Amino acid sequence: MLNSNLLRKLDMQDLMVFVAVYEQSSVTDVSEALFVSQSTVSYCLKKLRTSFEDELFVNTRTGMRPTYKASSMYGHVQKILESINLCHAGAPTFDPMAQPVTFNICAPEYFEQLILPRMLKRFDFDDLPVMVNMHKFETDVPAQELRDGSLDLVICFGPHFHRSHTDLKSRMLLEDDLVCVFDKRATPLEPRLSLQAFTERRHVFPTPWTSTTNMVDGWLARQAQKRQIVARSNSYSAALKMITGTDFILTLPRRIQRLLTNDAVFNHCEAPNGLPGFTLDMQWSHNVDQDSANLWLREQVIKTCAELEAA
């Protein structure tokens with residue numbers, strides 16, 4: 001908002017005249033420099049004096065001398081004109097080749113195992129000076145870190161596993177489901193586990209984020225069932241080691257099972273009927289929705305996920 005209604009009558013030409021008179025001290029020189037008549041310069045000065053309630057420039061033998069207020073205004077008016085020029089030019093387009101850049105992404109291990117390696121290989125192939133700094137996904141979406149720019153993107157599971165934030169933008173990246181993985185010597189005969197067989201086995205649980213709830217146990221609770229967890233691991237690969245040589249069961253995303261399990265050591269079967277799948281979602285701040293660097297990063301993630309879907 002403006003401090004005075006008088007300021008509403010000013011336009012860009014008035015501000016250009018102010019700067020030109022301040023720098024050149026001559027109405028004649030200003031009219032020639034701005035390609036306007038001397039009467040136009042005089043009219044602009046009259047509007048400026050009325051709007052700012054100050055003489056601004058005093059006519060002397062050596063030219064137009066700025067008043068104290070005009071001297072204090074000069075730098076601010078310059079910045080206004082510079083800002084208008086920046087608005088007209090638009091934000092510079094992000095060029096990943098121009099200089100080294102670091103992106104901060106908060107994501108579960110699923111993203112680090114499945115998507116990030118493909119992205120980094122593409123960056124390396126294209127010789128891009130891009131660094132990705134990963135942050136571990138904790139209890140919930142770190143919305144404030146997205147808002148203040150500490151994080152560029154958050155990758156999380158969905159739908160509805162985390163509290164929604166109306167000021168964040170979101171996009172689904174891909175869908176996946178869960179399969180049951182065993183040591184090959186402890187594989188059940190049936191191609192799909194029954195709910196009873198699933199709950200009777202002892203489970204190793206790779207925690208995708210720091211939380212007391214998860215997609216498997218939440219579903220079991222709705223069936224009035226629960227499972228026995230013998231160990232919680234920080235990673236999928238550690239969980240696979242924990243079930244080796246045992247009859248423990250490990251419930252993994254299907255894409256992770258295909259990526260990490262060795263057919264000579266492990267086998268898998270379908271999860272009980274009704275166990276829901278999940279989505280992988282990307283969230284970012286509305287503040288950077290049109291930021292060219294953030295837009296470029298999102299495009300890389302989307303492109304990689306599309307490659308996975310097509311594979």
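The values are calculated or read from the model by the stated rules, or taken from the named source; none is laboratory data. What you see is a predicted model, and the numbers here were worked out from it, not measured in a lab. Positions of Cβ are generated from backbone atoms using ideal geometry, with glycine treated the same way; all protein chains shown enter the neighbour counts.
None of MET131, MET119, MET97 is surrounded by 12 or more Cβ atoms within 10 Å (Cβ to Cβ) and farther than 21 Å from SER285 by Cα except MET119.
Within the range 95-110, being of a type outside the set (A, V, I, L, M) and farther than 19 Å from LEU308 by Cα holds for ASP95, PRO96, GLN99, PRO100, THR102, PHE103, ASN104, CYS106.
Conditions (1) under 49 Å from the mean Cα position of the chain (by Cα); (2) surrounded by 15 or more Cβ atoms within 10 Å (Cβ to Cβ); (3) of a type outside the set (D, E, K, R), marked per residue:
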residue	(1), (2), (3)
SER37	no, no, yes
LEU48	yes, yes, yes
PHE57	no, yes, yes
SER83	yes, no, yes
HIS88	yes, no, yes
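When you check VAL36 against the structure, is it in the same structural domain as THR67 (by TED's automatic domain parsing), over 12 Å from VAL77 (Cα atoms) and in contact with a Phe, Trp or Tyr (Cβ under 6 Å, 6 or more places away or on another chain), yes or no? Outline the logic, then answer.
On the way: in the same structural domain as THR67 (by TED's automatic domain parsing): yes; over 12 Å from VAL77 (Cα atoms): yes; in contact with a Phe, Trp or Tyr (Cβ under 6 Å, 6 or more places away or on another chain): no.
Answer is no for this residue.
Of the residues making up the range 258-294, those that are in a helix (DSSP H, G or I) and either surrounded by 20 or more Cβ atoms within 10 Å (Cβ to Cβ) or in contact with a helix residue (DSSP H, G or I) (Cβ under 8 Å, 6 or more places away or on another chain) (or both) number 5.
LEU250 - would you say it is modelled with pLDDT of 95 or more, not basic (Lys, Arg) and not in a strand (DSSP E or B)? Before the answer, list the steps.
Numbers: modelled with pLDDT of 95 or more: yes; not basic (Lys, Arg): yes; not in a strand (DSSP E or B): no.
Spelling it out, it is not the case that LEU250 is modelled with pLDDT of 95 or more, not basic (Lys, Arg) and not in a strand (DSSP E or B).
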